[in-house]
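*Asks:* Please find one structure pasted underneath; my questions will follow.
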């Protein structure tokens, strides 16, 4: 929000220059004094409102939430994608509704097709969400019909990131496999 403050001397000089020199009656001087007083009170109220609006809780920036996305990626890898994962092939197939090699083929194709799905550093230099996190979040929304914020705890993804990954995943999947399978 931008607050404009007009200096009283500038206002007074403009007001006095616009006055006609032939009018010097008492009523016009009383009016000018009243107008200057009202103007001064308006300036004070504007200053108070600016201070209140600037310090208002709703006008501040968004609160940063460190979701520790690196831990979410490491946990996902340990659970499903390392040499000896926590969950076996049957659990993977039940949870993802496809076999692991097919899932990895889809992730690889969509990742090479869309820059959003690729892992890139953010503005602070930290690595962003991995392609596996983004594709897993999108696939879970597709498979289970869950809401976007349901993946915050296990994948460490915000609702906005899940929603965007879902849209980009669908676009990437259609462009990669649409001619062949759709």
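Derivation of every value follows stated rules applied to the coordinates shown; laboratory data play no part. Nothing here was measured: the structure is a model prediction, and the numbers come from that model. In this analysis, Cβ positions are derived from the backbone assuming ideal geometry, glycine residues included, and neighbour counts consider all displayed protein chains.
*Asks:* What's the FRET efficiency of residue 109 with residue 67 using the Cβ-Cβ distance as r and R₀ = 25 Å, to the nearest 0.05?
*Replies:* 0.40
*Asks:* Could you rank the peptides 41-50, 109-118, 91-100 by their average count of other C-beta atoms within 10 Å per residue, with the highest value first?
*Replies:* Packing order, densest peptide first, comes out as 109-118, 91-100, 41-50.
*Asks:* Next question. With the cut-off at 1.5 for a/c, could you classify segment 99-173 from its C-alpha gyration tensor as rounded, prolate or oblate?
*Replies:* Oblate shape, in that a/c is at least 1.5 and b/c is the bigger or equal ratio.
*Asks:* Using 7 Å Cα-to-Cβ label points, what is the residue 171/residue 75 separation (nm, one decimal)?
*Replies:* 2.9 nm
*Asks:* Along Cα→Cβ, 7 Å out, is where each label goes; now give me the distance between the ones at residue 33 and residue 49 in nm to one decimal.
*Replies:* 2.8 nm
*Asks:* OK, next. Based on the mean of other Cβ atoms within 10 Å per residue, sort peptides 120-128, 74-82, 174-182 so the most packed one is first.
*Replies:* Packing order, densest peptide first, comes out as 74-82, 174-182, 120-128.
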